[in-house]
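Written out below as structure tokens is the structure these notes cover.
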Amino acid sequence: MHHDLFSELAPLVIQYGYWVLFPVAVVEGPATSVLAGTLVGWGQFDGAVVFFLLVAADLLGDALYYSLGRWGHTPFLERLERRLSLTPERFRPLEEGFRKHDWKLLLIGKTQPFGSIILYFAGATKMPIWRYLLFNLVATGPKVLLFETVGYFIGAGILHSTKVLDYITFLFFGIGLVLLAAYWLVRKYLRKEISNADSI
């Protein structure tokens, strides 16, 4: 699939430039980032322009998922209720859990194939759009930079193997988990120190 993506889109992207790169990046982010990085290495594009364009495309895709959840969630639940007897009350614990851990779930979702579900629930739970886009930006920047850099140094040959892209995605996911674990440990330590200070 990714090999076909490169062979079919590379000539179009080279010919029409950023006008084609942007909409493709909205639909297929990681592979397009690798492709764009390769073309930057070939001297076809400016690396900085490509980076900001890919980030904007990724955020636009995120906004579409958010909008689907924000304004399409109620009709979706009504359809499920009619067909599967699933009521909004059964979804409420899931929604409450999302509100409690929204930013953590967003950072994890940006590294996983099922991330679109998390983005959808961000809209369904009416997470403030500024908060939603902020944390998506925090996750999107490093992800785009990683895949663009891979394309720049390794080239489009990496697109011949979906496993390589999967490995990179899981690596990014692992780094995210390490950062979340570090955050949790530091937070726990600070709370303990504050509690000890208050008891003195």
#### Entry: Residue exposure sequence - VAL150, VAL27 - by fewest surrounding Cβ within 10 Å
VAL27, VAL150
### Query
Can you run phi through the Karplus equation (6.51, -1.76, 1.60; θ = phi - 60°) for the range 17-28 and list ³J(HN,Hα) in whole Hz, with x for Gly and Pro?
x, 5, 5, 8, 4, 5, x, 5, 5, 5, 8, 10
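In which sequence would PHE52, PHE22 go, from the one with the fewest C-beta neighbours within 10 Å to the one with the most?
Numbers: PHE52 12, PHE22 15.
By the 10 Å Cβ count, ascending, the order reads PHE52, PHE22.
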### Query
If you plug each phi of the range 122-130 into the Karplus form 6.51 cos²θ - 1.76 cosθ + 1.60 with θ = phi - 60°, what whole-Hz ³J(HN,Hα) values come out, in order, with x for Gly and Pro?
4, x, 5, 8, 6, 4, x, 4, 5
### Query
For the residue pair HIS101 and PHE22, what label-to-label distance in nm results when each label sits 7 Å from Cα along the Cα-to-beta-carbon direction?
3.7 nm
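Quick one: net charge around ILE108, please, counting Lys, Arg +1 and Asp, Glu -1 for every other residue with C-beta under 15 Å from its C-beta.
On the way: positive: LYS100, LYS104, LYS110, LYS143; negative: ASP62, ASP102.
Neighbourhood net charge equals +2.
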### Message
Give me LEU146, LEU35 sorted ascending by neighbouring Cβ count inside 10 Å, so fewest comes first.
### Response
LEU146, LEU35
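Values in this text are rule-based calculations from the coordinates and carry no lab data. Note that this is a predicted model, so its numbers are computed, not measured. As a convention, Cβ positions derive from the backbone with ideal geometry for all residues, glycine included, and neighbour counts pool all protein chains shown.
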